[in-house]
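Only one structure is covered here, and it is reproduced in the block below.
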Amino acid sequence: MSSNQFMDDYDIIKGCLQNNAAMQKMLYDKYSAKMYGIALRYTHDQEEAKDILQDGFVKVFQNLGKFKGTGAFEGWLRR
């Protein structure tokens, strides 16, 4: 079992906001497969879905400070 399965999303987010690269990778690893699946459902093209996933995570990291901690992080991430 990987360490990110034991860490709370809020702890990972806190680390990401402190520009901790390990925490950023942990957040990406935790949600990238799910988010890739969503992108692939919309595009039906693997390469385009990968591009959307990358662009999406850039936006996530740029706007992570706007997450208020109310509600599930995954719901905020999907928006």
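Let's see how each residue does on (1) in contact (Cβ under 8 Å) with a residue 24 or more places away in the chain; (2) open to solvent by less than 30 Å² (accessible area, probe 1.4 Å):
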| residue | (1), (2) |
| --- | --- |
| Asp29 | yes, no |
| Tyr42 | no, no |
| Ala49 | no, yes |
| Lys59 | no, no |
| Lys68 | no, no |
| Glu74 | yes, no |
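Filtering the stretch 12-25 down to residues that are open to solvent by less than 30 Å² (accessible area, probe 1.4 Å) and of a type in the set (A, V, I, L, M), which residue is nearest to Arg78 (Cα to Cα)?
From the stretch 12-25, those open to solvent by less than 30 Å² (accessible area, probe 1.4 Å) are 12-13, 15-16; that's our starting set.
Still in the running and of a type in the set (A, V, I, L, M): 12-13.
On the way: Ile12: 17, Ile13: 15 Å.
Only one residue fits best here, namely Ile13.
Right, Leu64: modelled with pLDDT of 95 or more, open to solvent by less than 50 Å² (accessible area, probe 1.4 Å) and within 17 Å of Lys14 (Cβ to Cβ) or not? Write out each step before concluding.
Values: modelled with pLDDT of 95 or more: yes; open to solvent by less than 50 Å² (accessible area, probe 1.4 Å): yes; within 17 Å of Lys14 (Cβ to Cβ): yes.
So Leu64 passes the test.
The values are calculated or read from the model by the stated rules, or taken from the named source; none is laboratory data. Please read all numbers here as calculations on a predicted model, not as lab measurements. Here Cβ is always computed from backbone atoms with ideal geometry, including for glycine, and neighbour counts include all displayed protein chains. Ligands, DNA and RNA are stripped out before the accessible areas are found, and what is left, the full protein with its side chains, is counted by its heavy atoms. Shrake-Rupley method; radii C 1.70, N 1.55, O 1.52, S 1.80 Å.
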